[in-house]
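Trainee: Below are the structure tokens for one structure; questions will follow.
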Amino acid sequence: MSRILGLIATLGASVLGAVRAAGSLGLFALSGLSHLFRPPFYWRSFVSAFFEFAFFSLPVVALTAIFSGMVIALQSYTGFARYNAQSAIAGIVVLSVVRELGPVLAGLMVAGRVGAAMAAEIGTMRVTDQIDALGTLSTNPMKYLVTPRLLAGTLALPLLVLVADILGVMGGFIVATLKLGFGAPAYIVSTLSILQPADVTVGLAKAAVFGFLIALMGCYNGYNSRGGAQGVGAATTASVVAASILVLAFDYVLTEMFFSR
Amino acid sequence: MSAPVPKIRVRGLAKAFGDKQVLDGIDLDVMPGTSSVVIGGSGSGKSVLLRCILGLIEPDAGSVEIDGVDVLRIRQREREAVNRRIGMLFQNGALFDSLTVWENVAFGLLARRRMRRAEARARACDVLTQVGLDPSVGALSPAELSGGMQKRVGLARAIAATPEILFFDEPTTGLDPIMGAVIDGLIVDCVRRLGSTAIAITHDMASAARIGDRAAMLYHGKLVWQGPASELMQSGNPMVDQFTHGRREGPITMELRR
């Protein structure tokens, strides 16, 4: 009997813990967003976070996008050639890159690169009292550290994904024309004919959501880190894992919302 | 004539973390323009006391009045206005390592937006000179400085906005005795020049005697003794005596486990 009660208690405690964590994350996000509308806004922090997100992530995201586009062209050719449906390859490449792989892969790469760095930086500031010091210097730490990063993530990732889209399609184009014997003009025409504006805009909207989530997880885990170097390490890991899972989960939700009709 | 109002008045302050009562009914008055030191062993709650007064930790009970205003029961915006009059030197400096030294020193000035960057930089160089650093240090990053220099920069940052109240969290910890004395001297100078009210927490007896006008000892979440800092070494209180003379035997037992 007591064993069953213990089991229920454990279950209840973990559920309560999860609810508490979700609540504190939600409050953290709301507080970070609310400072957008209350001056001052720290442009300097915003610009450096934006560069960190967009500009310095370009090489990683570009390489990821090119190779993904190339491999899709190659894989779909081997599959589709069996049914004499090679002509669909241009469409497969452009839709999968623009709708899914661009936002998701860019999101995952940026979560590993920028989200982790954010968690580590803010976490180190927390454990070395720098966040407390901000409070004693007429500066609200949420406003100074979190709000500019949330905005930077939300605005930068769509830009990055736009670049990733173009390069991903180009990767497919390179493989299709140089290796699989497609004619360049025909490939371009069929790419453009199948692509709808909504494919691009929804992909970019996804990217904005992912950028926000990545910045949020980096800031939240860093801000709440405890206990020295180990705590900062744990915060960094947690931010990457949580951001990656959230990116994939929200990808499904957003796809369901916009593309399932 | 009515009695002068204390600059800082703490009453019945209590804070527990889990089942550990860190502060247990603290009463403390600090008169304007005086310096108080709070001594106590590691883990006796000194830092928590300072952080409660500063508003970084929310106490469970009690009141903290600054200039007669209960700062625990005012709104966030008013609290920020109060904090603007407070400067704090953190134990390990807590310098912003993403900024240069002068940006650290000028941080509070720039945050108030009443000053251009060039002006703030000139002011930062001025303050750096006051704490005995060459203005050229301003262009370095905090990681390039020694521990003593970091303390000086931390002090410069704390006093840059000429606060009415200064807090010092273990100002000499981690420094050699000579550098400790130098930093203490700077602290006394700054407090005197600004006419500030100061609270320092420390477990360095020499430092306590140099900085403080008044002293108090914190043990098990309570202030077990208060008196003039000059009487620290001959207080007649067995706990203070044991602590100041560093004896192993006495009423204080070191808690190695909870």
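Trainee: Within segment A:37-78, find all residues whose amide N lies under 19 Å from a label point positioned 7 Å from the Cα of A:Lys179 along Cα-to-beta-carbon.
Mentor: Counting backbone N atoms under 19 Å from the label point, the list is A:62-78.
Trainee: What is the spin-label model distance, in nm, from A:Leu36 to B:Asp97 if the labels are put 7 Å beyond Cα along the C-beta direction?
Mentor: According to this spin-label approximation, the distance is 3.2 nm.
Trainee: So what are the ³J(HN,Hα) numbers for segment B:68-73, from phi and the Karplus equation (6.51, -1.76, 1.60; θ = phi - 60°), rounded to whole Hz, Gly and Pro as x?
Mentor: x, 9, 6, 6, 7, 10
Trainee: Report, in debye and to the nearest 20, how large the dipole of the protein assembly as shown comes out about its Cα centre when Lys and Arg carry +1 and Asp and Glu carry -1 on their Cβ. Provide the component values of the computation, followed by the final result.
Mentor: Numbers: 46 positive and 38 negative charges, 162 e Å.
It comes to approximately 780 debye.
Trainee: What trypsin sites (Lys or Arg not before Pro) does segment B:51-136 have in DSSP loop regions with at most 13 other beta carbons within 10 Å? Display every interim value, and only then the final one.
Mentor: On the way: sites: B:Arg51, B:Arg73, B:Arg75, B:Arg77, B:Arg79, B:Arg84, B:Arg85, B:Arg112, B:Arg113, B:Arg114, B:Arg116, B:Arg117, B:Arg121, B:Arg123; in loops: B:Arg75, B:Arg84, B:Arg85, B:Arg112, B:Arg113, B:Arg114, B:Arg116.
Loop-located and lightly packed - B:Arg75, B:Arg113, B:Arg114, B:Arg116.
Trainee: Could you tell me whether segment A:1-156 comes out rounded, prolate or oblate from its Cα gyration tensor? Rule is a ≥ b ≥ c as square roots of the eigenvalues, rounded for a/c under 1.5, then prolate if a/b exceeds b/c, otherwise oblate.
Mentor: Oblate.
Trainee: Right, something else. Using the Karplus equation 6.51 cos²θ - 1.76 cosθ + 1.60 (θ = phi - 60°), what ³J(HN,Hα) coupling, rounded to whole Hz, does each residue of segment A:190-204 give in order, writing x for Gly and Pro?
Mentor: 6, 4, 5, 5, 8, 7, 9, x, 4, 4, 5, 5, 5, x, 6
Trainee: Separate question: List the extent of the Cα atoms of segment B:1-97 along each of their three principal axes, largest first, rounded to whole Å.
Mentor: The Cα atoms of segment B:1-97 stretch 42, 35, 28 Å along the principal axes, largest first.
Trainee: If you count, for every residue in B:92-101, the Cβ atoms of partner chains within 10 Å of its Cβ, what is the mean? Don't skip to the answer; put the middle values down first.
Mentor: Numbers: counts 3, 4, 9, 4, 6, 5, 5, 1, 0, 0.
Per residue, the average neighbour count from other chains is 4.
Trainee: Would you kindly calculate the mean projected area, averaged across all directions, of the convex hull enclosing the Cα atoms of segment A:42-255, in square nanometres? List each step's numbers first, then the result.
Mentor: Working: hull surface 50.7 nm².
For the Cα atoms of segment A:42-255, the hull's average projected area reads 12.7 nm².
Trainee: Taking the Cα centre of chain B as the origin, how large is its charge dipole in debye, to the nearest 20, when only Lys and Arg (+1) and Asp and Glu (-1) carry charge on their Cβ atoms?
Mentor: Dipole size: approximately 740 debye.
Trainee: In percent, how large is the relative contact order of segment B:56-136, given Cα pairs closer than 8 Å and 6 or more residues apart?
Mentor: 15 percent
Trainee: Mind listing P(r) for the protein assembly as shown? All alpha-carbon pairs, 10 Å bins, whole percents.
Mentor: Final binned percentages: 4, 16, 22, 20, 15, 11, 7, 4, 2, 0, 0.
Trainee: Next up: What Kirkwood radius, in Å to one decimal, follows from the Cα pairs of segment A:165-218? All intermediate terms of the calculation are to be shown ahead of the outcome.
Mentor: Numbers: mean 1/r = 0.0762 Å⁻¹.
Evaluated on segment A:165-218, it is 13.1 Å.
Trainee: Something else: Bins of 10 Å, beginning at zero and ending with the bin holding the largest distance: percent of Cα pairs per bin for segment A:1-90, please.
Mentor: Result, from short to long distances: 12, 16, 16, 18, 21, 15, 1 percent.
Trainee: Note down the nm distance, to one decimal, between modelled labels 7 Å out along Cα→Cβ at A:Leu16 and at A:Arg226.
Mentor: Placing both labels 7 Å along Cα→Cβ, they lie 1.6 nm apart.
Trainee: Counting helices only, and only those DSSP H runs with n ≥ 4, report the 222 nm mean residue ellipticity of chain B as the sum of -39,500 (n - 2.57) divided by its residues, in deg cm²/dmol to the nearest 500.
Mentor: Only helices count here, giving -9500 deg cm²/dmol.
Trainee: Before anything else, pin down the relative contact order of chain A: Cα pairs under 8 Å, at least 6 apart, normalised by residue count, whole percent.
Mentor: 30 percent
Trainee: Ok, one more. What pairs in B:Lys7/B:Lys46; A:Lys143/B:Lys20; A:Lys143/B:Lys222 have C-alpha atoms more than 25 Å from each other?
Mentor: The answer is A:Lys143/B:Lys20; A:Lys143/B:Lys222.
Trainee: For B:Met233, put the label point 7 Å out on the Cα→Cβ axis and report which residues of segment B:199-224 keep their amide N under 15 Å from it.
Mentor: Those under the cut-off are B:204-212.
Trainee: Quick one: which residues, 5 or more positions from B:Leu95 or on another chain, have an amide H under 5 Å from its amide H? H modelled 1.01 Å from N in the peptide plane, none for Pro or chain starts.
Mentor: Amide H to amide H, under 5 Å and 5 or more residues apart or across chains, B:Leu95 pairs with nothing.
Trainee: I've got another one for you. Using +1 at the Cβ of each Lys and Arg and -1 at the Cβ of each Asp and Glu in chain B, identify which of B:Thr197, B:Leu140, B:Gly246 lies farthest towards the dipole's positive end.
Mentor: B:Leu140
Trainee: Give the whole-number value, in cubic angstrom per residue, of the convex hull volume spanned by the C-alpha atoms of chain B.
Mentor: Per residue, the Cα convex hull of chain B comes to 148 Å³.
Trainee: For segment B:163-258, what is the convex hull volume of its Cα atoms per residue in Å³?
Mentor: Expressed per residue, the convex hull around the Cα atoms of segment B:163-258 is 120 Å³.
Trainee: Moving on to the next point. Can you compute the FRET efficiency between A:Ala9 and B:Thr253 using 1/(1 + (r/R0)^6), with r the Cβ-Cβ distance and R0 = 51 Å? Round to the nearest 0.05.
Mentor: Result of the calculation: an efficiency of 0.90.
Read-outs throughout are calculated quantities, based only on the coordinates presented, and are distinct from any laboratory measurement. Here the structure is a predicted model, which means the values were calculated and not measured. Backbone-built Cβ (ideal geometry, glycine too); neighbour counts: all protein chains shown.
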